[in-house]
1. State which residue is farthest from Gln52 (Cα to Cα) when the search covers only the stretch 76-110 and only residues that are of a type in the set (A, V, I, L, M, F, W, C) and surrounded by fewer than 16 Cβ atoms within 10 Å (Cβ to Cβ).
2. So, in the stretch 160-188, of the ones that are over 20 Å from Lys129 (Cβ atoms) and open to solvent by 20 Å² or more (accessible area, probe 1.4 Å), which residue ends up modelled with the lowest pLDDT?
3. Working only within the stretch 92-150, note down all residues that are at pLDDT 85 or above and part of a loop (DSSP other than H, G, I, E, B).
4. Under the condition of being within 22 Å of Ile92 (Cβ to Cβ), modelled with pLDDT of 95 or more and open to solvent by 50 Å² or more (accessible area, probe 1.4 Å), which residue from the stretch 1-51 is nearest to the chain's Cα centre (by Cα)?
5. Can you name every residue in the stretch 1-40 that is charged (D, E, K, R) and closer than 24 Å to Leu75 by Cα?
6. Being closer than 21 Å to Gly65 by Cα and of a type in the set (Lys, Arg) is true for just one of Lys107, Lys131. Which residue is that?
7. Residue check: is Arg73 in a helix (DSSP H, G or I), open to solvent by 40 Å² or more (accessible area, probe 1.4 Å) and closer than 30 Å to Ile178 by Cα?
Amino acid sequence: MIGKLRGTIDSVGEDFLILDVHGVGYIVNCSVRTLRSLPEIGSAFALAIETQVREDSIRLYGFSGDVERDWFRLLQSVQGVGAKVALALLGILSADELGGAIARQDKATLARTPGVGPRLAARLVVELKDKIPASQALTPLPGAPAASSLAAEAPAVADAIAALINLDYSRQQAINAIAAAQAELGDEAETAALIRRGLRELSR
């Protein structure tokens, strides 16, 4: 199985690129986001690769890094999501945006993706809210303070996160909600206020 390819960009199509690795051209399917980030043709480039073997084909899917590849795998664990829809989601939303939308149960953001209707968006939220990749476990909401430093900077934040976890929210949901609460209420906010604001964030 191929897990990574490093070579020269030979050509780029609508949803794929050909990567020349020592004279062998590999057709690699990629998201629109990944294709837009490519350097010019002829440049050296490396991709994290997911290999999918079917009875009638072998397909390579390329990603800018391991986090994006982890999401590609995880998305396909949801019924109704195949490789095409998973790539479409990763083309519309970055890994951070995707994780944030699922943690916030933001079905509207997910449904912006072609092929993802309200029902599938709801299923994604329900099935993936506790499965955010470990490599992204401490990713905060866009614009919020770094989650890894929240507890160290404000003990009230750590207590608020623990309280939400005790209410059966996932660690990722609790971190994102309290990060948003602290960003709105300020560093001096007390635990009770953070919890109330965090619960409002989670109820959206």
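1. Ala108
2. If we take residues in the stretch 160-188 being over 20 Å from Lys129 (Cβ atoms) and open to solvent by 20 Å² or more (accessible area, probe 1.4 Å), then Asp187 is modelled with the lowest pLDDT.
3. Result: Leu93, Ser94, Asp106, Ala111, Arg112, Thr113, Pro114, Gly115, Val116, Gly117.
4. So, considering only residues that are within 22 Å of Ile92 (Cβ to Cβ), modelled with pLDDT of 95 or more and open to solvent by 50 Å² or more (accessible area, probe 1.4 Å), the one nearest to the chain's Cα centre (by Cα) is Phe16.
5. Lys4, Glu14, Asp15, Arg33, Arg36
6. Lys131
7. In short, yes.
The values are calculated or read from the model by the stated rules, or taken from the named source; none is laboratory data. Please read these numbers as outputs of a predicted model, since none were measured by experiment. We place every Cβ from the backbone using ideal geometry, glycine too, and count neighbours over all the protein chains shown. Calculation scope for accessible area: heavy atoms of the full protein, side chains included, ligands and nucleic acids excluded. Shrake-Rupley method; radii C 1.70, N 1.55, O 1.52, S 1.80 Å.
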